[in-house]
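Engineer: Just passing along the structure, written as structure tokens.
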Amino acid sequence: MKSLFKSIFYQVFASTLIGGAASLWVSSVSAQTGPDKGVGKNAQLQIKPRVPESQSIRLRAGQLPEVTLTSTVLFRILASEISAQRGTYLPAGKTMLDLSREIGDYRLARRALEFYLAGGNLPGALDASRVWLRLMPDDPEATSTEMALAAASGQTSGLAAALRKQIDAASNKSAAIGQAFAVLSRMPDKRAALRILSTAIGDSNARHLAAGHMALADMARAAGENERALEESRLALIAAPRSEDAALRVFEYGLSVDPERALREATEFVAVQPNARRLRVLLASHLADRGQFEAAMSELTAMAKRSPEDFDLLFMQAQVAYRAKKLEQARLFLDQYVAVQAQRLRAAAAAGATDAPAALAEAYQLLSKIAEEQGQLDEAVNLLAKIDDPSMRYSSRVRQALIRAKQKRVDEGLALIDSANAQTDEEIITGASAGAQILRDANRLPEAIKRMQMLDQRMPDTINVKYELAMLHERADQMRETERLLRQVIALDPGHAHAHNALGYSLADRNQRLPEALALITRALEIAPKDPFILDSMGWIKFRMGKYKDAVQYLQRAYTIRPEAEIAAHLGEALWVSGQQSEARTVWAKGVSQDASNKTLQETLRRFGVKP
């Protein structure tokens, strides 16, 4: 199955159409073949165009058919390949599949399957897989492919029994269970997939294996059944007490059920199995996420002592130290890591023979962040300049530009972006957005708008571009353009919560068309009910409509989730007009401590005569 799902196309156009596609098919359909699937080494092409079509195919039991290559067969093969090359996959697949049925060659059915998959035609792909399976009933790849496509199409009748039969017949039970999981993972209904897998494994002779319990745990997690996922993980660990894979699942799935117990069980496992590297790394990461930086560092230090050649641990230690705000300690780890990776790069036999460039790029990025936080901005820029890994080069140049803008060297920053040579649409959007951000922060709004307008013209249906441009127009108080662009975003993506919210808030903040603003924000809240910014907007529209009690409730929810200055300004105002002046002052004081320069908060305090 891997040849079908990892690569849609054979390399049929490696040289030319005739040299590729024709050599693949022409030489094979006319060759005398043995019982295997291959074509004989000394096979000769026999073109006999005068043979009647009805006499051009001779079926041979257990072997590929003997086919005389007529002009009609050759034409249909080439027509199918040319059609696929032009991107019209449906006729390409149909032509190849019809020919497969007529000739009885499974390879043509496989090729048709690839065309249907390339065109996203699942029913056609399933039809092709069934022709392949009919022609090669003992081919395990054909069997698994047909089952996977049937599952993806929702045709699950008899699937549990078929999978159980495969598991029972397999000499490698774990591999068969993995294949069953792969088949069912294509189903959109994960709960149904879990039921089928439970039946298939539960009725099989491998029901007590750890592999079965781990597969069920993974499917249960995919189905959102966390308790079942943890239960199956624990059963897997009972079946294989030394299995790191099982212990990893007990820890990872246990975190969503009982975090403290999961942490305790992981610690107990690594005490007995100190070489369980993946689990120990995950454990250290979780400890750092909880703010337990000393414990995380202790875990990584113990691993480093046990495996001093594991240099990746240096980078992990640097990350933990950085998160703990121990910047000098993080620098020391990174310096060691850079020295190791530089040595690896020098020792590499050829370009691309090592991952050292990517590793160095990550190290320089983190070193740059440290330098920036320490106020050493020129050093931060110089460190980013050392990054030459192609996948990170452009983002590093953009980061350099943002640092230069932070130094008030705006034009120098823009020049860095403009000379960075973006290669992909994503990089083009990133660069334009960063340039617009730099200009916006420098109060050069017309130039920022012009940059995004040029990008909008270049990529007219790009939602993020339109949204960012709308926000620039909103900042410039150009409401007509803001509304036009936000409505375009909503038309392109009706589920874009922030476009609904931005338009609704802009109207509410200007005290305009309040019923329409309420409808827009209500829709945004339906899409993203826990978003603090949308909750803030809902509180603000309620305030504008004089519903102060409702306003306070929404704004308090927003401030609880995201306690920042602008929400504090709104909440304080709603509390004040509700007669809760003391509470309002407290909220405003907290807002000032978070961001005393926030314009909304400053203007609110001025209106109410409250000193910060």
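The values are calculated or read from the model by the stated rules, or taken from the named source; none is laboratory data. Since the model is a prediction, treat every value here as computed from it, not as a measurement. Heads up, the Cβs are rebuilt from the backbone with ideal geometry, glycines too, and the neighbour counts pull from every protein chain shown. Surface areas here come from the heavy atoms of the whole protein model, side chains and all, with no ligands, DNA or RNA. Shrake-Rupley method; radii C 1.70, N 1.55, O 1.52, S 1.80 Å.
Engineer: Tell me the carbon and sulfur percent of the accessible area for the range 529-602, rounded to whole percent, probe radius 1.4 Å. Can you show the working numbers first?
Structural biologist: Numbers: 1740 of 3610 Å².
Ligands and nucleic acids excluded, carbon and sulfur give 48 percent.
Engineer: Can you find, among Val338, Tyr322, Ala405, the residue farthest towards the positive end of the dipole of the range 297-412? Put +1 on the C-beta of Lys and Arg, -1 on that of Asp and Glu.
Structural biologist: Projecting each Cα onto the dipole axis, the largest value belongs to Ala405.
Engineer: Based on the mean of other Cβ atoms within 10 Å per residue, sort peptides 537-545, 243-251, 469-477 so the most packed one is first.
Structural biologist: Values: 537-545: 24.0, 243-251: 22.0, 469-477: 19.8.
Answer by packing, highest mean first, reads 537-545, 243-251, 469-477.
Engineer: How large is the dipole of the chain about the Cα centre if only Lys and Arg carry +1 and Asp and Glu carry -1, each at its Cβ, rounded to the nearest 20 debye? Walk me through the numbers on the way to the answer.
Structural biologist: Details: 79 positive and 72 negative charges, 101 e Å.
That gives the chain a dipole magnitude of about 480 debye.
Engineer: Under 4 °C and 1.567 mPa s, how fast does the range 131-283 diffuse according to Stokes-Einstein, given a Kirkwood radius computed over C-alpha pairs? Answer in µm²/s, whole number. List each step's numbers first, then the result.
Structural biologist: Details: Rh = 16.1 Å.
Answer, rounded: 80 µm²/s.
Engineer: Ignoring ligands, DNA and RNA, what accessible area per residue does the range 514-602 give at 1.4 Å, in Å²? Show your work: numbers first, answer last.
Structural biologist: Details: 4300 Å² over 89 residues.
Here the per-residue accessible area is 48 Å².
Engineer: Write down the Kirkwood hydrodynamic radius of the chain, to one decimal in angstroms, obtained as one divided by the mean of 1/r over all alpha carbon pairs.
Structural biologist: Details: mean 1/r = 0.0330 Å⁻¹.
Here the Kirkwood hydrodynamic radius works out to 30.3 Å.
Engineer: Mind listing the phi-derived Karplus ³J(HN,Hα) values for the range 424-434, rounded to whole Hz, using 6.51, -1.76 and 1.60 with θ = phi - 60°, and x for any glycine or proline?
Structural biologist: 10, 4, 4, 5, 4, 5, 4, x, 5, 5, 5
Engineer: Okay, next question. What is the local net charge at Arg261, summed over the other residues whose Cβ is closer than 15 Å to its Cβ (Lys, Arg +1; Asp, Glu -1)?
Structural biologist: On the way: positive: Arg234, Arg249, Arg264, Arg290; negative: Glu227, Glu231, Glu252, Asp258, Glu260, Glu265, Glu268.
Net local charge, Arg261 excluded: -3.
Engineer: How big is the charge dipole of the range 280-361 about its Cα centre, in debye rounded to the nearest 20, if each Lys and Arg gets +1 on its Cβ and each Asp and Glu gets -1 on its Cβ? Before the final figure, lay out each step's value.
Structural biologist: Details: 10 positive and 9 negative charges, 23 e Å.
It works out to roughly 120 debye.
Engineer: So, one more: Could you provide, to the nearest whole Å², the per residue accessible area of the range 321-462 with probe 1.4 Å? Walk me through the intermediate numbers first.
Structural biologist: Details: 7590 Å² over 142 residues.
Heavy-atom accessible area per residue stands at 53 Å².
Engineer: Within 10 Å, count the other beta carbons around each residue, average over each peptide in 88-97, 291-300, and list them highest first.
Structural biologist: Averaged packing, sorted descending, gives the order 88-97, 291-300.
Engineer: Pick out, from Ala361, Tyr394, Leu383, the residue whose Cα sits farthest towards the positive end of the charge dipole of the range 337-458, with +1 on the Cβ of Lys and Arg and -1 on the Cβ of Asp and Glu.
Structural biologist: Positive-end residue among those listed: Leu383.
Engineer: Here's something else I'd like to know. Run the quick spin-label model on Lys408 and Arg346: label points 7 Å from Cα toward the beta carbon, then report their separation in nm to one decimal.
Structural biologist: For Lys408 paired with Arg346, the spin-label model returns 4.3 nm.
Engineer: Find the centroid of the Cα atoms in the range 401-421 and in the range 96-150, then give the distance between the two in whole Å.
Structural biologist: 54
Engineer: Along the charge dipole of the chain, which of Gly87, His208, Val552 sits closest to the positive end, that is, farthest toward it, with unit charges on the beta carbon of Lys, Arg, Asp and Glu (+1, +1, -1, -1)?
Structural biologist: Gly87
Engineer: Modelled label-to-label distance, Ser582 and Leu492, 7 Å Cα→beta-carbon offset: nm?
Structural biologist: Distance between the two pseudo-spin positions: 5.2 nm.
Engineer: Helix 259-272 versus the longest principal axis of the chain: what is the Cα-based angle in degrees, 0 to 90, to the nearest 10?
Structural biologist: 60
Engineer: Okay, next question. Taking the Cα centre of the range 368-419 as origin and charging only Cβ (+1 Lys, Arg; -1 Asp, Glu), how large is the dipole, in debye to the nearest 20?
Structural biologist: So the magnitude is around 100 debye.
Engineer: Amide H of Leu69 versus every other amide H placed in the peptide plane: which residues, excluding those fewer than 5 positions away on the same chain, fall under 5 Å?
Structural biologist: Amide H neighbours of Leu69, under 5 Å, 5+ apart: Gln46, Lys48.
Engineer: Taking 32 Å as the cut-off for C-alpha to C-alpha distance, list the pairs among Lys406/Lys549; Lys325/Lys408; Lys325/Lys542; Lys450/Lys590 that go past it. Could the numbers behind the result be given before it?
Structural biologist: On the way: Lys406/Lys549 42 Å; Lys325/Lys408 26 Å; Lys325/Lys542 41 Å; Lys450/Lys590 37 Å.
Distance filter (> 32 Å) returns Lys406/Lys549; Lys325/Lys542; Lys450/Lys590.
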